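Only the coordinates and a few stated rules stand behind these numbers; no lab work does. Only a predicted model underlies this, so the values are computations on that prediction, with no experimental measurement involved. Here the Cβ positions follow ideal geometry from the backbone for every residue, glycine too, while neighbour counts run over all protein chains shown.
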Amino acid sequence: RLAKRIRHRGPDWSTTENVMPGTFLCHERMAVVNPDNGRVVNGVKQPTGEQPMWSHTRRYSWIHNGEIYNHQALEEKYDIQAPSGSDSEVIGFLYEKLGPAFVKELDGMYAFVVVDREEGTTFAARDHMGIIPMYMARGKDGSVYFGSEMKIFAGDDQT
């Protein structure tokens, strides 16, 4: 319901997924990195960079808005296998290897949320210049919401 308010931000792909009890990741994607190089699943071409993304163990899930300029260098430095070619893939894999301090490695404009299903925690960050916006609201029931625009929360009786 909330994601529909920002559908215009991602005309290429839209998804909402329950990544752990009480935690949903919604993503509206505008393909910038590798927009035409999709995977074929059951004979249907799928866009690269589908989000939320998952670690190989499915412990971590994440969504990302923006662009990681040095993603290829980070993939090489940390031996990250990013089969889709999406810059978003490095986020979860670096979080898994280095923890929250990995953000010091990032060069780009970004906002992201990483969910650790084992610990039941959520980590959110954005670029140090604040180029990519990230807003947060607390729901009446204690839930936490993140969004790339304030209007995602406007008129919602839960926040």
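List of remarks:
- The equivalent ellipsoid of the stretch 77-124 has semi-axes of 17, 13, 11 Å, largest first, where each one is the square root of 5 times an eigenvalue of the Cα gyration tensor.
- Loop-located GluC sites (Glu not before Pro) across the stretch 79-159 with a Cβ neighbour count of 16 or fewer within 10 Å are Glu118, Glu119, Glu149, with loop assigned by DSSP.
- A simple rule links phi to the HN-Hα coupling: the Karplus curve 6.51 cos²θ - 1.76 cosθ + 1.60 with θ = phi - 60°, which for the stretch 83-96 gives x, 7, x, 6, 5, 5, 4, 5, 4, x, 5, 5, 4, 5 Hz, with x for Gly and Pro.
- For the pair Gln81 and His128 in one chain, pulling the backbone fully straight at 0.36 nm per residue adds 14.3 nm over the alpha carbon distance.
- Directionally averaged projected area (the stretch 77-159, Cα convex hull): 6.9 nm².
- Rounded FRET efficiency, nearest 0.05, which uses the C-beta distance separating Ser143 from His56 and R0 of 41 Å: 0.90
- Cβ-derived FRET efficiency at R0 30 Å, Met136 paired with Tyr69, nearest 0.05: 0.75
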